[in-house]
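Novice: Sharing a structure with you now.
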Amino acid sequence: MYGKLHSACLHGIDGVVIQVEIDLANGLPQTTIIGLPDSSIRESVERVRAAIKNCGFSYPLQRVTVNLAPADLRKEGSSFDLAIAIGILLTSEQWSFADARQLLIIGELALDGTLRPITGVLPMVEQAKKEGYTGVLLPRENASEAALITGMEVYGIQHLKELVPDGADENLEALGIGKKGTTMRTVSLSKLKYDRSMHADTTRHSYPQDMQLEDYKDVIGQQHIKRALTIAAAGMHNILLIGPPGTGKTMLMKRLPTILPPLADQEALTTTKIFSAAGKLKPSEGLMRRRPFRSPHHTISAGGLIGGGTIPKPGEVSLAHKGILFLDELPEFSRHVLEVLRQPLEDREVTISRARAVFTFPAHFMLACSMNPCPCGYYGSDHPHQRCTCSVSRIAQYRAKISGPLLDRIDLQVDVPRPKEWPGNKAPLSSLEMREQVLAAQALQMKRYKSLPFYWNSELFGSFLRTHAVLNKESAELLQTTIDTLGLSMRAYDRILKLARTIADLEASDGIQSQHVAEAIQYRQLDRQQIMTEETTH
């Protein structure tokens, strides 16, 4: 006897629909799963066997072969348990299921038949919809996530026995397909349909309550740093804060999400899909509307940062997609780890090659970093009691951990001195005021780039940059003189140009003026320090 159902698994962050074929044949009772399964799938035999028996049904005393097609794709995870169990019950004629052909079936079984939630539901259901499936049967805890894909009927269950309510028996002898006295249980989905109205997306244009706990009004002074952060947020530019300990670098960076605009619909779907595939999406969370903020520890490996594994999973750069990747104390990270950032910063995606497949993960993020100016932290500080004790060679060695090509990709390099203002002075700039400036600049960019495949000034390149960031004669001369004086690269030239475009947008200026270029140049702090150091040395 032969039966076929449809399930799914993950391939990178994308879902892949898998055919689950069941064959029952005469022979010694044994169950074999083929089709390049991993160990967790092979172990499903015992989970399925125990779940079927503990639900009051019979596991076939025959040779059971389960094929997961396509056979050349390596598969992992526990998402096939439910499909295998239902397939065996259908093929052994214990169940009847008329609507199984266009239904995706995913879920992990406990030994008593209870359904456990799985990861990666969103990309699996999205792919099933693209392939023409009309519904999905899965654990109830995953139903709200699956419901994010419109046009798919979602059926959620907590236990295998919910599929065959009492009173749904059919006499097989009357149907002419069974022995005398045997019955078949009919699967019913009518009462299992998920009600989408219970978890409507109410966060589309709102900010989470926890963002109110962190506000830039808590930061006294540092107005020029807030200005730099506003510019970075308005154009999604990379930023580096440099200053001695205790000046508020980390506190300033952690409040950066409070001034970023919410994720647009497509951005939210892609970001949620990545978190779902990585197993980091909370049940019933719905679409992610707040831009992600990832802050890995400096002991992270290169694989943890960009993704990896035998079957690669998304790394921190992908989890920060459309959001912020914050690297605190940048020189403490391994130089090798930092260098792997160069490709995703340019290409906005990560490609990981393995012997069997090549995986591509999106990685379009704002890089936000902080660092001390030297190992002791007080180089150039005006602290009344702390003086730098580092030698010139030690400072050079410390800063050499950050390569020139990586610094080239950071648009704003800003000094953070000790604050000069204290409580009691004028009211500090709040996140709300800064966010209003960012949203106004974003609106200009969305209008300007509405027919182009990007939204932010930082994404401009090639002919698009020359078209939308035109300099007048005075501005062009100023920028050219700066490039010649500081010896900057053409990449730095383009990044200054993009930054000047964002500064002009914050002032609602159609053209880029010389003052916009001058301000953008001022944010190349490390480049200016480097040329000053060389002049002093010679």
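Novice: Which percent, to the nearest 5, of DSSP beta bridges fully inside the chain are antiparallel?
Specialist: 50 percent
Novice: While we're on this one: In a shell of Cβ-Cβ distance under 10 Å around Leu281, excluding Leu281 itself, what net charge do Lys and Arg (+1) and Asp and Glu (-1) give?
Specialist: Local net charge: +1.
Novice: Taking a cut-off of 20 Å between Cα atoms, list the lysines near Lys450, but don't count ones fewer than 8 places away on the same chain.
Specialist: Lys322, Lys498
Novice: For Ser197 and His224 in the same chain, what is the full-extension length gain: residue separation times 0.36 nm, less their Cα-Cα distance, in nm?
Specialist: Full extension from Ser197 to His224 adds 5.1 nm.
Novice: Quick one: which of 508-514, 290-296, 231-237, 85-91 comes out on top by average Cβ neighbours within 10 Å, and what's the full order, highest first?
Specialist: Per-residue Cβ counts within 10 Å, averaged per peptide and sorted highest first, yield 231-237, 85-91, 290-296, 508-514.
Novice: Another question, if that's okay. How do 257-266, 473-482, 317-326, 358-367 rank on mean C-beta neighbours within 10 Å, highest first?
Specialist: 317-326, 358-367, 257-266, 473-482
Novice: Determine the gain in length on full extension of the stretch Ala396-Tyr493; use 0.36 nm per residue of separation and subtract their C-alpha separation, reporting nm with one decimal.
Specialist: 32.4 nm
Novice: What are the ³J(HN,Hα) values, in whole Hz, obtained from phi via the Karplus relation 6.51 cos²θ - 1.76 cosθ + 1.60 with θ = phi - 60°, for each residue of the stretch 46-57 in sequence order, with x given for Gly and Pro?
Specialist: Per residue, the Karplus-derived 3J(HN,Hα) values read 6, 5, 5, 4, 5, 5, 4, 5, 6, 9, x, 10 Hz.
Novice: Would you list, by chain and number, the aspartates and glutamates whose Cα falls below 16 Å from the Cα of Lys226, excluding same-chain residues fewer than 8 positions away?
Specialist: Glu214, Asp215, Asp218, Asp411, Asp415, Glu421, Glu433, Glu436, Glu507, Glu519
Novice: Then there is this: Run the dipole for the stretch 2-199 about the Cα centre, Lys and Arg Cβ at +1, Asp and Glu Cβ at -1, nothing else charged, and hand back the magnitude in debye, nearest 20.
Specialist: So the magnitude is around 240 debye.
Novice: Return the sequence-ordered ³J(HN,Hα) values of the stretch 80-93 in whole Hz as given by the Karplus equation 6.51 cos²θ - 1.76 cosθ + 1.60 applied to θ = phi - 60°, using x for Gly and Pro.
Specialist: So the Karplus estimates, Gly and Pro as x, are 8, 3, 5, 5, 5, 5, 5, x, 5, 5, 6, 5, 7, 6 Hz.
Novice: Using amide H atoms built 1.01 Å from N in the peptide plane, name the residues 5+ places from Phe293, or on other chains, whose amide H lies under 5 Å from its own.
Specialist: Residues meeting the amide H criterion: Ile324.
Novice: Follow-up question, since we're still on this one. Can you list residues whose amide H is under 5 Å from Lys75's amide H, if they're 5+ apart or on another chain and H is modeled 1.01 Å from N?
Specialist: Asp38
Novice: Whole angstrom only: what separates the Cα centroid of the stretch 477-509 from the Cα centroid of the stretch 390-466?
Specialist: 13 Å
Novice: While we're here: With only Lys, Arg, Asp and Glu charged, each at its Cβ (+1 for the first two, -1 for the last two), find how big the charge dipole of the stretch 209-459 is about the Cα centre; round to the nearest 20 debye.
Specialist: Approximately 180 debye in magnitude.
Novice: For semi-axes √(5λ) of the Cα gyration tensor in Å, several values are listed as (i) 57, 23, 21; (ii) 97, 19, 17; (iii) 70, 25, 21; flag the one computed from this structure.
Specialist: Among (i) 57, 23, 21; (ii) 97, 19, 17; (iii) 70, 25, 21, the one calculated here is (i).
Novice: If amide H atoms are built 1.01 Å from N in the plane of the peptide, which residues on other chains or at least 5 residues away come under 5 Å of the amide H of Gly380?
Specialist: HN-HN under 5 Å from Gly380: Cys388.
Novice: Summing -39500 (n - 2.57) over the DSSP H runs of n ≥ 4 in the chain and dividing by its residue number, what mean residue ellipticity at 222 nm do you reach, to the nearest 500 deg cm²/dmol?
Specialist: Taken over the chain, the calculation gives -10000 deg cm²/dmol.
Novice: What size of dipole, in debye to the nearest 20, comes out for the stretch 264-375 about its Cα centre when the only charges are +1 on Lys and Arg C-beta atoms and -1 on Asp and Glu C-beta atoms?
Specialist: The dipole of the stretch 264-375 has a size of about 400 debye.
Any read-out appearing in this document is the output of simple, stated calculations on the displayed coordinates, not a laboratory observation. The model shown is predicted, which means the values in this text are computed figures rather than measured ones. Positions of Cβ are generated from backbone atoms using ideal geometry, with glycine treated the same way; all protein chains shown enter the neighbour counts.
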